[in-house]
Amino acid sequence: DQSSGKSSLLCMLLGVNIGYTSEHFATRCPVRYQLEPCAPSHGWNYQFENPQTKEFENVTQEELQKKLTTHFEKVIGRQIVYNPITIKIYSPVCTSSMTLVDLPGLVGKGTDKIKQQQHSKSYHIVQEYLKKQNNIVLFVQRVDLDIGSLNTTILDEVQKRTPDKVVYCLTHFDR
């Protein structure tokens, strides 16, 4: 579900706070974080993929945060889009390459047309990634929500995967 802490958890797993998090806007498209090891002397380095040109540019951590904020708040706005953006992270503490994908959370089903469209798009994006066989699913769920308000359709599908391909994480214990 949206606002369950997926982006914050991915930042923690990446070892650096570069993900887009906000109380007002959520992740609105898949964000691929391509993590690559580098020599400790090189330190952390980042590249942001320009969504229009598909070219990568070197950016600082602060510039990356600004680009993500601009992309989500000004370019995409409140809509959910299928086109992913890619961020390359060169890490002095990483020992092997991996790609982490932050997906839009499922927007609650509602009565207004925009909310229903957002739910449909976010659900479709999650479905597409669940079809990929070689991935490991990190299923993030808020512990403070009533089970009746959850989008359990995706949970049902995740539970059908082999147990060694799923990690469950409960968030919001502080609530």
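The values are calculated or read from the model by the stated rules, or taken from the named source; none is laboratory data. Here the structure is a predicted model, which is why all the values come from computation and not from measurement. Methodologically, a virtual Cβ is constructed for each residue, glycine included, from the backbone with ideal geometry; neighbour enumeration extends over all protein chains shown. Calculation scope for accessible area: heavy atoms of the full protein, side chains included, ligands and nucleic acids excluded. Shrake-Rupley method; radii C 1.70, N 1.55, O 1.52, S 1.80 Å.
Summary of values
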item	result
Simple spin-label estimate for residue 128 and residue 56 in nanometres, 7 Å along Cα-Cβ	2.1
Choice from 13, 64, 100 showing the highest fluctuation, given a GNM over the chain with Cα pairs closer than 10 Å	13
The chain: calculated mean residue ellipticity at 222 nm from DSSP helix runs of at least 4, using -39500 (n - 2.57)	-7500 deg cm²/dmol
Share of carbon and sulfur in the accessible heavy-atom surface of the chain [1.4 Å probe, %]	51
Probe 1.4 Å, accessible area per residue of the chain, Å²	59
With DNA, RNA and ligands ignored, accessible area of residue 94 (1.4 Å probe; Å², nearest 10)	20
Inter-probe distance in nm under a simple model that places probes 7 Å from Cα toward Cβ, at residue 164 and residue 3	3.9
Highest to lowest packing among 126-137, 42-53, scored as the average C-beta count within 10 Å	42-53, 126-137
Calculated from backbone phi, Karplus (6.51, -1.76, 1.60) coupling profile of the range 38-51 in Hz, x at Gly/Pro	9, 5, x, 5, 7, x, 6, 9, 9, 10, 10, 7, 5, x
Cβ-Cβ FRET estimate between residue 93 and residue 153, R0 fixed at 30 Å, reported to 0.05	0.20
Calculated FRET efficiency for the pair residue 144/residue 36, C-beta based, R₀ 41 Å, to 0.05	0.70
